[in-house]
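The next block holds one structure in the form of structure tokens; read it before the comments.
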Amino acid sequence: MEILDEMDQGRRTEMQLYSSIFGLLSLEKIGYTEVQFRPYRTDDFITRLYYETPRFTVLSQTWVLKARVNDSERNPNLSCKRTLSFQLLLKSKVTAPLECSFLLLKGPYEDVRISPVIYHFVFTNESNETDYVPLPISDSVECNKLLAAKNINLRLFLFQIQK
């Protein structure tokens with residue numbers, strides 16, 4: 001019975017997620033784009049790997065996505081459990097706070113399994129970047145597949161919440 005209760009709880013959580021995604025799809029201002037993370041290295045003595053997208057425009061604003069491996073730990077190559085976390089940055093100036101929800105999903109021709117997770121943030125001129133949030137990859141093997149590729153192709157959905 002406990003296993004059935006766990007399965008039931010998992011299905012309820014999944015249904016709640018999809019219900020909130022459908023709620024976001026009913027908003028007036030929705031934008032999406034294909035993003036391509038490219039690898040870069042820092043100029044530090046011990047270089048660190050990070051990923052960044054070129055600037056892109058969604059919802060009449062300019063944005064950039066950044067990603068880092070294992071939250072920029074000192075030697076991620078020595079870890080067998082790798083994770084990616086990402087950050088959304090607003091590069092445009094805004095006159096009023098911009099309340100947004102966003103999620104990253106796998107891009108076309110990618111075979112990585114990413115679970116949809118909705119993130120929420122209010123962008124202002126003073127607070128124009130989110131905290132680093134985990135990219136919801138199913139496991140470390142999937143993360144290694146992404147890191148082995150030359151570029152990481154994902155799809156960003158951005159929903160502007162109007163007052």
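The values are calculated or read from the model by the stated rules, or taken from the named source; none is laboratory data. What you are looking at is a predicted structure, and each value in this text was computed from that prediction instead of being measured. As a convention, Cβ positions derive from the backbone with ideal geometry for all residues, glycine included, and neighbour counts pool all protein chains shown. Calculation scope for accessible area: heavy atoms of the full protein, side chains included, ligands and nucleic acids excluded. Shrake-Rupley method; radii C 1.70, N 1.55, O 1.52, S 1.80 Å.
Here is the list for region 104-155: GluC sites (Glu not before Pro) lying in DSSP coil, each with at most 12 other C-beta atoms within 10 angstrom of its C-beta, are GLU126.
Near VAL35, once Lys and Arg are set to +1 and Asp and Glu to -1 for all other residues with Cβ below 12 Å from its Cβ, the sum equals +2.
A simple count of charges around TYR18, restricted to other residues whose Cβ falls under 12 Å of its Cβ and scoring Lys, Arg +1 and Asp, Glu -1, yields +1. In the context of the full set of protein chains, residues of the chain present 63 Å² of accessible surface per residue (probe radius 1.4 Å, heavy atoms only). Once each of the chymotrypsin sites (Phe, Trp or Tyr not before Pro) sitting in a DSSP loop with at most 12 other beta-carbon atoms within 10 Å is removed, the chain keeps 46-108 as its longest stretch.
By the rule of a C-alpha distance below 14 Å, with chain neighbours fewer than 8 residues away ignored, the aspartates and glutamates paired with LYS106 are GLU34, GLU142. The aspartates and glutamates within cross-link reach of LYS91, meaning a Cα-to-Cα straight distance under 14 Å and a gap of 8 or more places when in the same chain, are GLU52, GLU126, GLU129.
When the chain is described by a simple charge dipole with +1 on each Lys and Arg Cβ and -1 on each Asp and Glu Cβ, the residue from PHE86, ILE114, PRO39 located farthest towards its positive end is PRO39. Dipole magnitude for the chain: computed about the Cα centre from +1 point charges on Lys and Arg Cβ and -1 point charges on Asp and Glu Cβ, it is near 660 debye.
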